[in-house]
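Asks: Take a look at this one; I'll ask things after.
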Amino acid sequence: MPLWWPLLLGSLLFSIGVYGVLARRNAVLVLMGVELMLNAVNVNFVAFDAHLRSAVHGGQTFALFVIVIAAAEIGLALAIVLLVFRTHGHIEVDELRELGEAAEPAERSEAAR
Amino acid sequence: MSDGYLAGYLPLAVILAVGVLLVVAMFAGNRMLRPAHATHEKLLPYECGVDPVGEGWAQTHVRYYVYAYLYVVFAVDAVFLFPWATVFAGLGWVSVGEMAVFIGFIAVGLLYAWRKGVLTWT
Amino acid sequence: MRFPGTGLAKGLAVTMRQMTRRSVTAHYPDALPDLPPRSRGVIALIEENCTSCMLCARECPSWCIYIDSHKDVVPATTEGGRDKSRNVLDRFAIDFSLCMYCSICIEVCPFDALHWSPEFEYAELDIRELTHEKDRLREWMWTVPAPSALDPHAEPAKELGAAEKAADKARAADLSAAEGAPAPPPPDNSAEEAP
Amino acid sequence: MSDLLEALLRVLVVLVAFLLLPLLVGQAEHKAMAHMQSRVGPMYAGMFHGWAQLVADGVKFVQKEDVVPRDADPAVFRIAPAVALLPYFVVMLVIPLGPGLVGQDLDVGLFFVLAVMGIGVIGTLMGGWSSANKFSLLGGIRVAAQLMAYELPFVLVGASVAMAAGTLSLTGIVEEWQPWWLLWQGIGLVVFFVAGLAELQRPPFDMPVADAEIVFGPYTEYGGLRFALFILAEYAGIVVLSALTAVLFLGGWRGPFEDSLGWLWTLVKTFLVAFVVIWVRVAYPRMREDQLQRLAWQGLVPLALLQLALTAVGVVATA
Amino acid sequence: MSWVQVLFVLLSLVAVASALLVVTTSNLVHAALWLVVTLGSIAGVFLLLAAEFVAWVQVLIYVGAVVVLLLFALMLTRAPTGRQDDLNVGRVVPAAIVAVLVGAVLVSTVVAGFHDVQLDLERAVVGSASVTGGTVFRLWVLPFEVLSVLLLAALVGAIVLSKLRADEPAEAGED
């Protein structure tokens, strides 16, 4: 099969992931978008591994490392999300502005609830 | 790619299909035989006989989560144990040492969790 | 000293030993159970003894006894006498889907109209059938066993004791009458007999 | 095309085993548990000692109404039992019965089994969430916590066996197996069995479905055929766990006359382990949630790590 | 087209369609379940691309652990059954435009760069467990060891986070 097929799949998944990260306001859904992007990268790694047939097997090994790091990443991120839920009672990323610029003080106090 | 590789997964595809068919067949039979008299009370969530209070969600303690996370960290190290298991006999003590360092680091994490009292139920 | 895991092994040993022994299950529909005396199976009614006094219905904790009655006038039997009125039972029903077999109605009945029968196989497919009307309750009476004998050296029943006391008194009076003194009339409570 | 036909034939054999073995285990549980409690268990269906009880149960379940609660998520609620059941069916494909008697021997067999068995829990979680019932949700969360605690020692001792055998193929592991592994991998055997029991949520690890406190956990709202599928998944899980224990730790088809009677040895060992599963259910009371987690993290995980070290030293020292 | 290609196209379509549902569905748990479908079909793609071990790692870690973790987090942070209309930020259209632009750049680069390269799966080496083990433990030992430090750091981080006491009591309170 042409090499660009799996690469196309990877690109599409990546852009869908980008959309998910930008458009979602629930933190867990944002993380799902990140997972999609990481998987898109893995598809590319594996496709190139099959194409290059290097003895080093860099593609598959890196895909493995990416999966492991992604697992660690999402676990830590969810720990943060749960902490946010415990302190704020919600996990909407666009309402978490304590670290943002205090441009709209009125809205901020409302958002802090 | 060796010839038998994907052919070896043919039964897997077949068994998935058969499994789905099995479930579909079960429910087709069920559909033909079962009555359907849904009443209001039948469709209420079960709460020991009284009318349900509030919605189907209740706050749960976050302490469950740390266990889940410990699992994920260890599961990823198990991922490396399996390919290692197939080759380490040929690589000898050096390889055992490498794996020991790897698991040792994570075991330190478990020890830390233990010392911090995360593993004791509060 | 105790080795760790002794308790676990003991649990396994106990269950395994139980498995090799004969089970104690009574094979009920094939082998009928040997019921103890005064088993609470179903409540029987002697309609003739009932005076519609409503005590049982009032005392029932689950309100499962239904009694309807009306007053009937019995014309005077003697010339110039007053008409007597008495209660006539129209309906006596027990709803066994509500009954909790507490036995209060039987204890409270002053005229021994209600009795326990050991019959228990009266399940129905329709819950409404579990309300037994007086005819059916009367039929259960045939299954009520005779009261079991008292234990040896047990105190006699209260009624018997009272009757015996009265008889003793009467005998004593008879004796003193024989000695010449006029005897008092014997008390009439010996008419009360145990049913 | 002949490949496909052969695959179909193998899958059909697996299907028969999948439908038959859980029933046998279930019936054995009915009778063994009853006698351990001085009862006799089912006696009527099928005339002789109630042998057809579970068949009758199946007939009953098929005729039952399919109730989806008002607040439930209907699609997820309906799919969940199938998601819980099918992984066990798929796993049975790679478990060898005798030399060459296997649905399909995969090179990554053991890893495949562990990966696919992990999917089943999603079905339970789906059921727990979609019922829109507090008991179900709490049960679902408990299932997830318990599974995560016990999956780890399960996977670790699985890796230990793979290390000892130097292969992940289940057939290969049985071929490499030696009787003295019973001692060498003894800790692994115990850890694997206990962790597997906990993953199946079998007593004494049935906290997620503790009927005295959360009704029936994630399955509270289920009835009829869907409930039956969850129960079938539990018994198929017992079969898979017992067969895996037999294959990984007890030497599968290895035994006297293994060339002709190998399949019988596998079945006998599987049923012995399944009997222990039943036995343990009768003998022990349910563990509390904190005891569950403590046993996993402070008992089984260190033991599993010890077993890993033992195995690694043993393999390299004898190599 | 060989049946490997047919299967690849089918799996890709399933993966892309379910990925789209992940980012558009209006129910939190449905998003997680569609993610399972996406990840599962990507595992199938890995199998077809001769990465056997990576495929099953994908199933074990992603489907068995990460998705369970996600579902777990969703259950803990309130995921009602039924639709939720407030899952998207107000700026959906700009987000879509950015995503489409990213996709366009990537796709055009990929197609322009590799449109005449054939992937010869017949000669690819199957990434079985022993092959993966051999490469990781002969050639990639150092990254592998560094990984353990990373995991330890992540674990300690999660433990510290979970031990943090909230300054203010949570709205719903703890049980």
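Asks: Using the Karplus equation 6.51 cos²θ - 1.76 cosθ + 1.60 (θ = phi - 60°), what ³J(HN,Hα) coupling, rounded to whole Hz, does each residue of the range C:63-79 give in order, writing x for Gly and Pro?
Replies: Rounded to whole hertz, the list is 6, 10, 10, 10, 10, 10, 8, 9, 8, 10, 9, 9, x, 4, 7, 9, 4.
Asks: Count the net charge of all other residues whose Cβ sits under 9 Å from the Cβ of D:S38, scoring Lys and Arg as +1 and Asp and Glu as -1.
Replies: Cβ neighbours under 9 Å give a net charge of +3.
Asks: Rounded to whole Hz and in sequence order, give me ³J(HN,Hα) for the range C:111-117 from the Karplus expression 6.51 cos²θ - 1.76 cosθ + 1.60, θ = phi - 60°, writing x for Gly and Pro.
Replies: Karplus values, whole Hz, x for Gly and Pro: 10, 6, 8, 10, 9, 7, 10.
Asks: Treat each spin label as a single point 7 Å out from the Cα along the C-beta direction, and report the C:E179 to D:L4 distance in nm.
Replies: So the two model labels end up 12.3 nm from each other.
Asks: So, for the protein assembly as shown, what is the accessible surface per residue at a probe of 1.4 Å, expressed in square angstrom?
Replies: Working: 42400 Å² over 924 residues.
Per residue, the protein assembly as shown has 46 Å² of solvent-accessible surface.
Asks: Treating the angle as unsigned and between 0 and 90°, give the value, to the nearest 10°, between the Cα long axis of helix C:6-20 and the longest Cα principal axis of chain C.
Replies: The answer is roughly 70 degrees.
Asks: Over the range D:8-61, consider all pairs of different Cα atoms and compute the Kirkwood hydrodynamic radius from their mean reciprocal separation; express it in Å, one decimal. Before the final figure, lay out the partial values.
Replies: Numbers: mean 1/r = 0.0823 Å⁻¹.
So the Kirkwood estimate lands at 12.2 Å.
Asks: Under 18 Å from a point placed 7 Å out from the Cα of E:K163 along the Cα-to-Cβ direction: which residues of the range D:287-307 have their backbone N that close?
Replies: Residues passing the 18 Å test: D:298.
Asks: Using the basic label-point model (7 angstrom from Cα toward the beta carbon), what is the D:A309 to C:S39 distance in nanometres?
Replies: 6.5 nm
Asks: With Kirkwood's inverse mean 1/r over C-alpha pairs for Rh, give me the Rg to Rh ratio of the range D:3-318, two decimals please.
Replies: Details: Rg = 19.6 Å, Rh = 20.3 Å.
Expressed as Rg/Rh, it is 0.97.
Asks: Taking 25 Å as R0, compute the FRET efficiency from the Cβ-Cβ separation of C:M141 and C:H70 and round it to 0.05. Walk me through the intermediate numbers first.
Replies: Numbers: r = 24 Å, r/R0 = 0.94.
E between C:M141 and C:H70, to the nearest 0.05, is 0.60.
Asks: Let me ask something additional. How fast does chain C diffuse by Stokes-Einstein, in µm²/s, taking the Kirkwood radius from C-alpha pairs at 10 °C and 1.306 mPa s?
Replies: Details: Rh = 22.4 Å.
Translational D for this selection: 71 µm²/s.
Asks: Would you kindly calculate the mean projected area, averaged across all directions, of the convex hull enclosing the Cα atoms of the protein assembly as shown, in square nanometres?
Replies: Working: hull surface 235.2 nm².
The directionally averaged projection comes out at 58.8 nm².
Asks: Something else about it: How big is the gap, in Å, between the Cα center of the range C:78-138 and the Cα center of the range E:125-161?
Replies: 82 Å
Asks: For chain C, what relative contact order do you get, as a whole percent, if you take Cα pairs closer than 8 Å and at least 6 residues apart?
Replies: Working: 218 pairs, mean separation 40.9, N = 195.
About 21 percent, as a whole number.
Asks: Per the 1.4 Å probe, what fraction of the accessible area of chain D, in percent, lies on carbon and sulfur atoms?
Replies: Of all accessible area on chain D, carbon and sulfur atoms account for 70 percent.
Asks: Next question, about the same structure. Return, ordered by residue number, the residues of the range C:86-110 whose backbone nitrogen is under 13 Å from a label point located 7 Å along Cα→Cβ of C:K158.
Replies: Only C:107-110 fall inside the zone, counting backbone N under 13 Å.
Asks: For the range D:241-301, what is the largest minus smallest coordinate of the Cα atoms on each principal axis, given in angstrom and ordered from greatest to least?
Replies: Rounded to whole Å, the extents work out to 48, 25, 13 Å.
Asks: Roughly how far apart, in whole Å, are the Cα centres of the range C:1-40 and the range E:1-32?
Replies: Answer, in whole Å: 56.
Asks: Something else about it: Compute the distance in nm between two label points, each set 7 Å from the Cα along the Cα-to-Cβ direction, one at D:M47 and one at C:R17.
Replies: Modelled inter-label distance: 3.9 nm.
Asks: May I ask for the net charge around A:E92, where only other residues with Cβ less than 9 Å from the Cβ of A:E92 are counted and Lys, Arg are +1 while Asp, Glu are -1?
Replies: Working: positive: A:R25; negative: A:D94, A:E95, E:D86.
After counting each charged neighbour, the total is -2.
Asks: By a straight-distance test (C-alpha under 18 Å), which aspartates and glutamates pair with B:K116 as possible cross-link partners, with residues fewer than eight away in the same chain excluded?
Replies: Result set, ordered by chain and number: D:D290.
Asks: Please determine, in degrees from 0 to 90 and to the nearest 10, the orientation of helix C:158-178 with respect to the longest principal axis defined by the Cα atoms of chain C, where the helix direction is its Cα long axis.
Replies: For helix C:158-178, the angle is close to 30 degrees.
Asks: Something else about it: Taking amide H atoms as placed 1.01 Å from N in the peptide plane, list the residues 5 or more away in sequence, or in a different chain, whose amide H sits under 5 Å from that of E:N88.
Replies: Long-range HN contacts for E:N88: A:R25.
Asks: Could you grab the relative contact order for the range D:3-318? Cα pairs under 8 Å, six or more apart, rounded to a whole percent. Intermediate values should be presented prior to the final figure.
Replies: On the way: 482 pairs, mean separation 75.2, N = 316.
Dividing the mean separation by the residue count of the range D:3-318 yields 24 percent.
Asks: Considering the Cα positions of chain E, please state its Rg to one decimal place and its Dmax as a whole number of Å.
Replies: Both quantities, over Cα of chain E: 20.8, 62 Å.
Asks: Among all the lysines, which ones have a C-alpha under 20 Å from D:K134's C-alpha, if same-chain residues fewer than 8 places away are not counted?
Replies: B:K42
Asks: Do the alpha carbons of any pairs in D:K31/D:K60; C:K71/C:K134; C:K10/D:K31; D:K31/D:K269; D:K60/D:K269 sit beyond 24 Å of each other, and which pairs?
Replies: Values: D:K31/D:K60 20 Å; C:K71/C:K134 18 Å; C:K10/D:K31 21 Å; D:K31/D:K269 19 Å; D:K60/D:K269 32 Å.
Flagged as over cut-off: D:K60/D:K269.
The values are calculated or read from the model by the stated rules, or taken from the named source; none is laboratory data. Everything numeric here is computed off the predicted structure, so don't read it as measured data. Because the Cβ atoms are built from the backbone with ideal geometry, glycine has one as well, and the counts that use them run over all protein chains shown. Each accessible area value is taken on the protein alone, full model and side chains, heavy atoms only, with ligands, DNA and RNA left out. Shrake-Rupley method; radii C 1.70, N 1.55, O 1.52, S 1.80 Å.
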